[in-house]
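**Student:** Okay, handing you the structure first.
The values are calculated or read from the model by the stated rules, or taken from the named source; none is laboratory data. Everything numeric here is computed off the predicted structure, so don't read it as measured data. Methodologically, a virtual Cβ is constructed for each residue, glycine included, from the backbone with ideal geometry; neighbour enumeration extends over all protein chains shown.
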């Protein structure tokens, strides 16, 4: 069952890339304080994710912060090395927290996994965005057919 408005954000272990290497963090800690926008992508370096989804949030980070967003995070079923490299490639800097859900534990916990085996991707995350306020989900924006309509930075801004 997919996560819904009013649900607490799952508290599972994911990783971030630091200058010292991968670091384990808990989603409850990094996503559960203040107002957070979390967006999920099927895969780092994939066309829609690299050309539109992540760049949209990098471009709109100041606009999101102006609407009271404390943390903007991107999550994908990729390892911390890939997420770190993708963040550098996309010039994310400190504007977006890049979360590696390497084993898909968070993706399974929110019930938004997808089978990308037909494309050689294996188990991945659906494309979505969540607005989380003090650890509780207040908006769920899941792409119905894999496009980029409801979970884009522009759509999230409209929803805030």
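**Student:** For residue 92, indicate whether it is free of Cβ contacts under 8 Å to residues at least 24 places away in the same chain, within 23 Å of residue 34 (Cα to Cα) and either touching a helix residue (DSSP H, G or I) at 6+ places or on another chain (Cβ under 9 Å) or not in a strand (DSSP E or B) (or both).
**Tutor:** no
**Student:** Is there a residue being touching a residue at least 40 places away in the same chain (Cβ under 8 Å), over 25 Å from residue 136 (Cβ atoms) and surrounded by 15 or more Cβ atoms within 10 Å (Cβ to Cβ) anywhere in the range 17-32?
**Tutor:** Checked against the condition, which is being touching a residue at least 40 places away in the same chain (Cβ under 8 Å), over 25 Å from residue 136 (Cβ atoms) and surrounded by 15 or more Cβ atoms within 10 Å (Cβ to Cβ), the range 17-32 yields at least one hit.
**Student:** Follow-up question, since we're still on this one. Looking at (1) in contact with a strand residue (DSSP E or B) (Cβ under 9 Å, 6 or more places away or on another chain); (2) farther than 22 Å from residue 155 by Cα, can you tell me which one residue 93 breaks?
**Tutor:** Going through (1) in contact with a strand residue (DSSP E or B) (Cβ under 9 Å, 6 or more places away or on another chain); (2) farther than 22 Å from residue 155 by Cα one by one, residue 93 breaks only (1).
**Student:** Are there any strands (runs of 3 or more DSSP E) wholly within the range 101-160 with 3 or more residues that are modelled with pLDDT of 95 or more, and if so which?
**Tutor:** Where strands (runs of 3 or more DSSP E) fall fully within the range 101-160 and carry at least 3 residues being modelled with pLDDT of 95 or more, they are 128-133, 136-142.
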